[in-house]
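Notes follow once the structure below has been shown.
Taken together, the values in this text are just the output of simple stated rules run on the coordinates, not laboratory data. Please read all numbers here as calculations on a predicted model, not as lab measurements. FYI the Cβ positions are ideal-geometry reconstructions off the backbone, even for glycines, and counts take in every protein chain you see.
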Amino acid sequence: MILLSETEIKNFVLQKDKVITHTVGAVTSYEIIGEEPKKDYHYVKIRAVVSLDSITADLMALKILLVSMDKPRTMVLIHEKDTHTAESAVIDLLKNKGFEIIDPVQIAAQMGMSEKFIGKASAGDPVAAAELGTYHSAEYIIIGEVKKTSIQSELLKDTGMYSGQAAISLRVINCSTGKIVATKSGSGAAAHLSPDVAIEQASLKAAEELMNKGLFEDIVSSFQDSVNNGIEYELEILGVKNYHQQKQLAMFISGIDGVISAIKRSYGNTKLNLSVQFQGNVDTLCDKIDSKKVSSTTLFVTDVANNRITVRAEETDSSSKNST
């Protein structure tokens, strides 16, 4: 594990003092062998066994990472003519790694979601994909497309076998922010006496190789970054009456323990929108906001959908305050 310290000073006043951690290995066991209180810190000496294997190869470390992320739910939508070979392969790999998968076809049938909307999302539209994922309470959605062909190549013409070719491209999207977490492309080839079997085997090979050789690593790296350096939440505060009040509220959010940053995205029509980087889950952040008073205003969390939080700012009842 690497620790990076970052200190920011403005006009000789400490503005920010954060310690950012980056995990490069997983502690599998440890033993405390010494403790000593110091003036400004508590010294602890440990003996630890650290696995330097990639977290993608260490199922226990991956399980801990997923728990730290509150077991994010994932949808997989891959557009593929006639079959769902690649989609099934990606889902199987993620399930075997401990991911919680949402079945889009089953949920769509139950909720009446149109096939046209699902097709638009699976064809690569990130906005449609994020909306579809959010609608079904998914934190992440993997979308993409597979193009398949079969030919009788010169190398195989004397065998009577067909060459199946598949090209696959996938994107991983954070449903709450609409941001693309990772994107990869790959291909696969297979030979078989049946052209249909050849292209399906090529699709399966392309999906498995793409996940094993790059995309899955990028997904896990993104999760590690979120755990180490904070998860991004979209915060909308309603009922903000003026510019001065929005500055007070933004300053309050920035000062919450665990908040790495709070960036103002927009303000207008009594709405303040912030992108908040927070080290903790959504419930913890909501607990730190709900029923808190900022000057003459009290904040109430009114809606939570994945990483999107809606808060209403209400003026404190001065009469009830005086009576107490």
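Screening Ile309, Ile289 for residues that are surrounded by 16 or more Cβ atoms within 10 Å (Cβ to Cβ) and touching a Cys at 6+ places or on another chain (Cβ under 8 Å) leaves exactly one candidate, Ile309. What is the residue count in segment 142-197 for residues that are under 30 Å from Ile309 (Cβ atoms) and either assigned to a loop (DSSP other than H, G, I, E, B) or not charged (D, E, K, R) (or both)? Number of matching residues: 16.
Summed over segment 128-161, the residues that are surrounded by 22 or more Cβ atoms within 10 Å (Cβ to Cβ) and hydroxyl-bearing (Ser, Thr, Tyr) give a count of 1.
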